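One structure below.
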2 protein chains.
Amino acid sequence: MCEAQRQAAGYAEWSGERLARAYLLRVAEPPAPALVRFVADRGPVRAAELVRRGDVPDAVACETRARKELELAERDLRQAAEIGARLVTPEDDEWPAWPLLCLDVATGRGQRGVAPPIGLWVRGGGNLDAMLSEAVAVVGARAATQYGEQVAAELGYALAEAGHSVVSGAAYGIDGAAHRGTLAAGGETLAVLGCGLDAGYPAGHVSLLNRVAERGAVLTEYPPGTAPARHRFLVRNRLIAALSAGTVVVEAGSRSGARNTAATAGALGKVVMAVPGPVGSALSVGCHELIRDSHATLVASAADVLETVGKLGTVAKRDTGVGNRPTDGLDAEGLRVHDALADRTGKAPEQIATESGVPLSRVRALLPQLELDGLAVRSESGWRRVKSAPGRGSGGR
Amino acid sequence: MCEAQRQAAGYAEWSGERLARAYLLRVAEPPAPALVRFVADRGPVRAAELVRRGDVPDAVACETRARKELELAERDLRQAAEIGARLVTPEDDEWPAWPLLCLDVATGRGQRGVAPPIGLWVRGGGNLDAMLSEAVAVVGARAATQYGEQVAAELGYALAEAGHSVVSGAAYGIDGAAHRGTLAAGGETLAVLGCGLDAGYPAGHVSLLNRVAERGAVLTEYPPGTAPARHRFLVRNRLIAALSAGTVVVEAGSRSGARNTAATAGALGKVVMAVPGPVGSALSVGCHELIRDSHATLVASAADVLETVGKLGTVAKRDTGVGNRPTDGLDAEGLRVHDALADRTGKAPEQIATESGVPLSRVRALLPQLELDGLAVRSESGWRRVKSAPGRGSGGR
């Protein structure tokens, strides 16, 4: 279909970029790190043309070969529009670039399975980026106990009252309770799916998802019609972790999807929290293990959650311009700790932990690393930032 | 009464040291740091004579002035014997010198309220030091929930089965449940009181205390006839903390005696553990605060407790001879971390934490301090001990 035909058919509202990204979301199963990189290099329109032709590097070919004939972009966009959904792309103002940056950083550092999404199918009227500016993820077991569901609902309610949106995965059990608690307080809640927006999954949550879309958003990488699958839920978990300042695990068995989300959040440098429960409960074992192993901070209330993630909101959004900076080798936590240092005033690790939102034990581990990297120095008054050496960058960032 | 009269009255079995310490335990309300120091300098017999005469430094006079006329040593020893009890002193082989050393160290560093006891009134047949060689304290709220009492009883049972004795405070609630659980497994349990052995307190636990004395020991600093009092329970808490390798708080309100014991144990360099519970329970608030503030390690089972304290048993007993050593300025945790370092092989902080039993976050804080003190060095393979400089001591210890 040429541009004239497309306009005649009433699809003029879709830009070339949007059509290209809809096509790319259809032809590659996420996460698709090579394709994401290729799109970043060539731009979505040119990248889509080259994928169609098969004129791509091997790694991109591997990710796209099986489905590159599927020319469903317009159909997908039309179907989305029919259910009140839209495709949000990095070209849009509402693209949550800052929350998703951690996926770029982690992928750049060689972490597997955490490539950013090429676009997000979104059902719900609000500005996606604005809704995610103060988001907390509340996740947990599907086979939750009454205790866990009550805690999740109360957390959702209290976080909403405090002005935070709540991200979860729309599953039965903890996820559903978190969404419902947030809705009960009139708050914004976002459900990230591991299937298409039209999959009607989970079946018992169709009306809940309708209410989530009214008050917040339902979102997914997967094009309309994509069926739910276990591997897609695990892939989806990276988005839940990335889109939130912190992730609270309310109940989790020893090996569980919620622990997977927690591990991903930790690897992305996000705050991980866990709610304790009775020691005899199998559904609290995963939470207790996370806390005991220092992979999560214990939270017993919404106040604890806000105290733990609260300081994150004060971290200035990072300049995302390119260039070789001395801090380029740092991971997200390292950057946060480095940001919290001052050039002249020494700070104690406790103060740095508070200001950066990075757990004290990690701060204590990272400071000597920053010292080795020549980025920090210990003085009698505490830890200070080292001004960047001449020629290594401008302004130390 | 002269020695001849005393012998005629059948008290020949009491040595001058024992009579002197019985007198001193009667005349000073613990903790009595100046008196303890005075006794260490002069020996108990000479110290008692000088106290009687009032020929003592001001600080000792302040601690002993009000009661120094009370010549009740023989009566106290006789009354103790009548209820099957004895006075255990530092001159006895069964004196728990190693566990109590932390009180000396902390007092020497200027910590208040943790002076060692001058002697211990003990009811129970076993060797006191042997019973305390692998002891774990299990403490908590008097107004405990059914959940808390069940967890305490199960912990006591499982720790006893694993060969550990259980120390607690004989109070209603968690303490009593811990003693009972240990007894149910046929294990040794020790009750440390804040009153005389004959006080019959708490009234509902008289028969429980009889069973504790049969299978372990009931002990106190307070002479026969001393009434229970709130301040004595707080003073007693330092003994519970000192006599155990680690302290488990099962349930505790936000401000509670159990938290006092936990704080004391932490200040003494002992392992502090806390059991989580339902977040809605006021009796778990104190435990959650301890864990959240990194003052306690979360334990959800006896296996967790053993894993947390287990490595402590392998730390060699420290040479207590005198002399200026480079490590003299270190606190108990610093010494444990220093002990865990090797001269040639580098170790990761995680390994040092495991071997020393000191929490990882503390290890990470202490290693740079040891480095500043010239006692440790960071190499590519990890942290190593620095051999002591010539003339600073022999063998680096």
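Only one of these is surrounded by fewer than 24 Cβ atoms within 10 Å (Cβ to Cβ), in contact (Cβ under 8 Å) with a residue 12 or more places away in the chain and not in a helix (DSSP H, G or I): A:Ala191, A:Ala213, A:Ala199. Name it.
Among A:Ala191, A:Ala213, A:Ala199, only A:Ala199 is surrounded by fewer than 24 Cβ atoms within 10 Å (Cβ to Cβ), in contact (Cβ under 8 Å) with a residue 12 or more places away in the chain and not in a helix (DSSP H, G or I).
Which numbered condition trips up B:Ala252, out of (1) out of contact with any strand residue (DSSP E or B) (no Cβ under 6 Å at 6 or more places or on another chain); (2) part of a helix (DSSP H, G or I); (3) in contact (Cβ under 8 Å) with a residue 40 or more places away in the chain; (4) within 14 Å of chain A (Cβ to nearest Cβ)?
Evaluating B:Ala252 over (1) out of contact with any strand residue (DSSP E or B) (no Cβ under 6 Å at 6 or more places or on another chain); (2) part of a helix (DSSP H, G or I); (3) in contact (Cβ under 8 Å) with a residue 40 or more places away in the chain; (4) within 14 Å of chain A (Cβ to nearest Cβ) leaves (2) as the failure.
Tally time: how many residues in segment B:144-170 are within 15 Å of B:Gly253 (Cα to Cα) and either open to solvent by less than 10 Å² (accessible area, probe 1.4 Å) or part of a loop (DSSP other than H, G, I, E, B) (or both)?
Qualifying residue count for the region: 3.
Quick check on my filter: what residues within segment A:288-312 are at the interface with chain B (Cβ under 8 Å from one of its Cβ atoms), in a helix (DSSP H, G or I) and in contact with a strand residue (DSSP E or B) (Cβ under 7 Å, 6 or more places away or on another chain)?
Matches in segment A:288-312: A:His288, A:Ile291, A:Arg292.
Checking the structure you have, find out if any residue of segment A:43-55 is in contact with a Pro (Cβ under 9 Å, 6 or more places away or on another chain) and not acidic (Asp, Glu).
Among the residues of segment A:43-55, at least one is in contact with a Pro (Cβ under 9 Å, 6 or more places away or on another chain) and not acidic (Asp, Glu), which makes the answer yes.
Might you check whether a residue that is small (Gly, Ala, Ser) and within 13 Å of another protein chain (Cβ to nearest Cβ) occurs anywhere in segment A:225-240?
Scanning segment A:225-240 turns up no residue that is small (Gly, Ala, Ser) and within 13 Å of another protein chain (Cβ to nearest Cβ).
Would you check if A:Val315 is open to solvent by less than 40 Å² (accessible area, probe 1.4 Å), modelled with pLDDT under 75 and away from chain B (no Cβ under 14 Å)?
Judged against the criteria, A:Val315 is a match.
Out of the residues in segment A:255-281 meeting the condition of being open to solvent by less than 30 Å² (accessible area, probe 1.4 Å) and either more than 14 Å from chain B (Cβ to nearest Cβ) or over 24 Å from B:Glu289 (Cβ atoms) (or both), tell me which one is modelled with the lowest pLDDT.
Of everything passing the filter in segment A:255-281, A:Ala258 is modelled with the lowest pLDDT.
When you check A:Ser356 against the structure, is it modelled with pLDDT of 60 or more, surrounded by fewer than 15 Cβ atoms within 10 Å (Cβ to Cβ) and hydroxyl-bearing (Ser, Thr, Tyr), yes or no?
It is false that A:Ser356 is modelled with pLDDT of 60 or more, surrounded by fewer than 15 Cβ atoms within 10 Å (Cβ to Cβ) and hydroxyl-bearing (Ser, Thr, Tyr).
Kindly provide the set of residues from segment A:142-201 that are among the β-branched types (Val, Ile, Thr) and over 20 Å from A:Leu298 (Cβ atoms), ordered by number.
Correct list: A:Val167, A:Thr182, A:Thr189, A:Val192.
Scanning segment A:75-94 for residues that are of a type in the set (Gly, Ala, Ser) and not in a helix (DSSP H, G or I), which turns out surrounded by the fewest Cβ atoms within 10 Å (Cβ to Cβ)?
A:Gly84
Which residues, taken from segment A:109-132, are buried (at least 19 other Cβ atoms within 10 Å of the Cβ) and assigned to a loop (DSSP other than H, G, I, E, B)?
Once the filter is applied, which keeps residues that are buried (at least 19 other Cβ atoms within 10 Å of the Cβ) and assigned to a loop (DSSP other than H, G, I, E, B), segment A:109-132 yields A:Val114, A:Ala115, A:Pro116, A:Pro117, A:Ile118, A:Gly119, A:Gly124, A:Leu132.
Yes/no per residue for (1) modelled with pLDDT under 95; (2) over 24 Å from A:Gly286 (Cα atoms):
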residue: A:Ala153; (1), (2): no, no
residue: A:Ala158; (1), (2): no, no
residue: A:Glu161; (1), (2): no, yes
residue: A:Gly186; (1), (2): no, yes
residue: A:Gly196; (1), (2): no, yes
residue: A:Tyr201; (1), (2): yes, yes
residue: A:Leu208; (1), (2): no, yes
residue: A:Leu219; (1), (2): no, yes
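So which of A:Ala135, A:Ala141, A:Ala106, A:Ala97 is crowded, with 19+ Cβ neighbours inside 10 Å and outside the structural domain of A:Leu243 (by TED's automatic domain parsing)?
Within the list A:Ala135, A:Ala141, A:Ala106, A:Ala97, the selection yields A:Ala106.
B:Glu69 passes all but one of (1) in contact (Cβ under 8 Å) with a residue 12 or more places away in the chain; (2) open to solvent by 50 Å² or more (accessible area, probe 1.4 Å); (3) part of a loop (DSSP other than H, G, I, E, B); which number fails?
Failing condition for B:Glu69: (1).
The values are calculated or read from the model by the stated rules, or taken from the named source; none is laboratory data. From a predicted model like this one, the values you see are computed outputs, not experimental measurements. We place every Cβ from the backbone using ideal geometry, glycine too, and count neighbours over all the protein chains shown. Surface areas here come from the heavy atoms of the whole protein model, side chains and all, with no ligands, DNA or RNA. Shrake-Rupley method; radii C 1.70, N 1.55, O 1.52, S 1.80 Å.
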